[in-house]
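Right, one structure below, let's go through it.
The values are calculated or read from the model by the stated rules, or taken from the named source; none is laboratory data. Small disclaimer: the values here were computed from a predicted structure and weren't measured. So basically every Cβ, Gly included, is an ideal-geometry build from the backbone, and we count neighbours across all protein chains shown.
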Amino acid sequence: MVVIGRLAIAGAVATLAIGVWTGLVRIGWSLPLGSPMWVMHHGPLMAVGFFATLIATERALARKVALAYLSPLLGVATTAALLAGVTWLAPLLATTSAIVFAVVVGYGYFAARSIQAGVSVGGALALVWANALWATGHSYFDAVRGWLVFLVLTVASERFELSRFSPRANSTRKAFVATALLMMVSLPLSIAPSELGAHVFGLSAMGLGIWLLLFDVARKTVFQKGLARFSGACLLAASLWLTIAGFIALTQGLRPPAYDAVLHAVFLGFGVSMIFGHAPMLLGFALGVRIRYWSAFWFHAALMQLSVFLRVVADWQSWHNVRPWAGILHALALVAFLAATLTAVVRAKQAQAATSA
Amino acid sequence: MLEAIAGVEDPELGVGIVDLGLVREVTFSAGRLSLRIATTSAVCPFGAELARQVRDALQAHFHGVSVDVSVGYDPTWSPADMTTSARQKLGWL
């Protein structure tokens, strides 16, 4: 089953590469594409083919239940369907993947009955919601609200779980739950013609971002050394971007140009920063090696922060000539991340072989 | 035994699992050493890797002893299970 997990991660990474490539074309760069239609699918490629597939893989590796691996495999299949032009099949595969994921997460809730598990179920249901909207003919513009909620609640629930390692008042639990519920409420409100759902999402995202900045254990681990320090810094940066994204959505809604800023602040600033912070541990586990801290990790993390800052400012100031360069920096940060991580994996395998000899 | 695995750390917290209070049960019987360690989250994917590191550390320290490490989420864990050193690092003191 670990082999299936590795294949799913490989599929997610390949989707990331294609998704970033289509994003660069979408933002104005003239690059070759297998099909001009791929540009239209940038959103689901990133949200479903990459993020949802990667998260589902992590959950499957943790649960070690065969059914759990079906979700990421269907996520990879969604990417294949989109790229092959079988666009009627892609949302069906994505919805099925989300339902399986929700079942796995739901089972975890009944086993643990914790706040973390409950909020995680909320995130999973948001993914089902988003993909079901897509499958019933709604636009990506409608579905993306659910994709945003899925990513934020899924990640925030895990951060909440770990926050018990550092001091916080019991009242903070209620605040977290209330904010997470508010984010769920934003979904049905997003169907209305008004921007009310976007503003509610913004308020709740800002609330969760501030909560994490105040209570995430990363506030303490950032003062440790090595991987813990690096991971803590990435997590805090992610929470800051979530707060900023929430502020933008609260005050501007999700219409252009705020739409571009919010999406990239959440998916890149929040989501990718979280991935950067956890990748050395998660990949090490998936590949059966112990990846050591390497100072080179800071380069791609810093470059991603700079690129998201540039993107958000360019959107805010309508600097249309600057936004494409922000996209280039996003891509360079991801390439640097893959290169550094691959190098660290090779080193870890060499060290493991030397120890075994 | 705890000294042998003192270097096994939770990768994200940067604190040893012994100091975190995650070593929940230890038994030694008929030449077999069995440990149960807890994970920091119900959805923590690193449990198996931590178990592997614990197993490797113990087998290196106790030659000829069979080692069995199990891992699982323990909802009864509380900050009081941490050592003073861990509590200091994580802001409790």
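Screening A:S295 against (1) within 14 Å of chain B (Cβ to nearest Cβ); (2) hydroxyl-bearing (S, T, Y); (3) without any contact (Cβ under 8 Å) to a residue 12 or more places away in the chain leaves a single unmet condition, (1). Of the helices (runs of 4 or more DSSP H) lying entirely inside the stretch A:212-323, the ones with 3 or more residues being of a type in the set (S, T, N, Q) and under 20 Å from the mean Cα position of the chain (by Cα) are found at A:226-252.
Residues checked against (1) surrounded by fewer than 24 Cβ atoms within 10 Å (Cβ to Cβ); (2) small (G, A, S); (3) under 23 Å from A:V272 (Cβ atoms):
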site	(1), (2), (3)
A:S30	yes, yes, no
A:V39	yes, no, yes
A:A52	no, yes, yes
A:A77	yes, yes, no
A:L92	yes, no, no
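Checking the structure you have, find out if any residue of the stretch B:30-39 is under 11 Å from the mean Cα position of the chain (by Cα) and facing another protein chain (nearest Cβ under 9 Å).
Our first condition is that a residue be under 11 Å from the mean Cα position of the chain (by Cα); within the stretch B:30-39, this holds for B:35-39.
Now drop any that are not facing another protein chain (nearest Cβ under 9 Å), which leaves B:39.
Yes, there is a match, as at least one residue in the stretch B:30-39 is under 11 Å from the mean Cα position of the chain (by Cα) and facing another protein chain (nearest Cβ under 9 Å).
A quick yes/no check of all residues on (1) farther than 22 Å from B:E12 by Cα; (2) within 14 Å of chain B (Cβ to nearest Cβ):
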| residue | (1), (2) |
| --- | --- |
| A:V144 | yes, no |
| A:S157 | no, yes |
| A:F165 | no, yes |
| A:L181 | yes, no |
| A:V185 | yes, no |
| A:P188 | yes, no |
| A:I191 | yes, no |
| A:L213 | no, no |
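Name the residue, out of A:L125, A:L67, A:L74, that is closer than 27 Å to A:A286 by Cα, part of a helix (DSSP H, G or I), away from chain B (no Cβ under 14 Å) and modelled with pLDDT under 95.
Details: A:L125 fails: modelled with pLDDT under 95; A:L74 fails: modelled with pLDDT under 95.
Step by step, each of A:L125, A:L67, A:L74 is checked, and only A:L67 is closer than 27 Å to A:A286 by Cα, part of a helix (DSSP H, G or I), away from chain B (no Cβ under 14 Å) and modelled with pLDDT under 95.
Per this entry, A:L61 is counted among residues that are within 30 Å of B:V71 (Cβ to Cβ), within 14 Å of chain B (Cβ to nearest Cβ), in contact with a Gly (Cβ under 6 Å, 6 or more places away or on another chain) and in a helix (DSSP H, G or I). What about A:R347, is it within 24 Å of A:I4 (Cα to Cα), charged (D, E, K, R) and either surrounded by 14 or more Cβ atoms within 10 Å (Cβ to Cβ) or touching a helix residue (DSSP H, G or I) at 6+ places or on another chain (Cβ under 6 Å) (or both)? Yes: the conditions hold for A:R347. Annotation: A:G197 fulfils all but one of (1) touching a helix residue (DSSP H, G or I) at 6+ places or on another chain (Cβ under 8 Å); (2) touching a residue at least 12 places away in the same chain (Cβ under 8 Å); (3) at the interface with chain B (Cβ under 8 Å from one of its Cβ atoms); the unmet one is (3).
Every residue, every condition in (1) surrounded by 20 or more Cβ atoms within 10 Å (Cβ to Cβ); (2) without any contact (Cβ under 8 Å) to a residue 60 or more places away in the chain; (3) more than 11 Å from every other protein chain (Cβ to nearest Cβ), yes or no:
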site: B:E12; (1), (2), (3): yes, yes, no
site: B:L20; (1), (2), (3): yes, no, no
site: B:R24; (1), (2), (3): no, yes, yes
site: B:A48; (1), (2), (3): no, yes, no
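Within the stretch B:50-61, restricting attention to residues that are at the interface with another protein chain (Cβ under 10 Å from one of its Cβ atoms) and closer than 14 Å to B:G16 by Cβ, the residue that is nearest to the chain's Cα centre (by Cα) is B:L50. The number of residues in the stretch A:68-120 that are in contact with a Phe, Trp or Tyr (Cβ under 8 Å, 6 or more places away or on another chain) and β-branched (V, I, T) comes to 3.
Give me the pairs, please: first residue somewhere in the stretch B:79-93 and of a type in the set (F, W, Y), second residue anywhere and in a loop (DSSP other than H, G, I, E, B), beta-carbon distance under 8 Å, and either six or more positions apart or on two chains. That search, which allows pairs on different chains as well, returns B:W92/A:S166; B:W92/A:P167; B:W92/B:M82. Is one or more of the residues making up the stretch A:169-176 buried (at least 21 other Cβ atoms within 10 Å of the Cβ), over 20 Å from the mean Cα position of the chain (by Cα) and at pLDDT below 95? Within the stretch A:169-176 (the criterion being buried (at least 21 other Cβ atoms within 10 Å of the Cβ), over 20 Å from the mean Cα position of the chain (by Cα) and at pLDDT below 95), the answer is no, since none of the residues qualifies. Scanning the stretch A:235-253 for residues that are within 14 Å of chain B (Cβ to nearest Cβ) and crowded, with 24+ Cβ neighbours inside 10 Å yields A:L235, A:A238. In the set (1) over 19 Å from A:A143 (Cα atoms); (2) touching a residue at least 40 places away in the same chain (Cβ under 8 Å), the condition left unmet by A:L92 is number (1).
State yes or no: is A:L208 free of Cβ contacts under 8 Å to residues at least 60 places away in the same chain and surrounded by 22 or more Cβ atoms within 10 Å (Cβ to Cβ)?
Numbers: free of Cβ contacts under 8 Å to residues at least 60 places away in the same chain: yes; surrounded by 22 or more Cβ atoms within 10 Å (Cβ to Cβ): yes.
So A:L208 passes the test.
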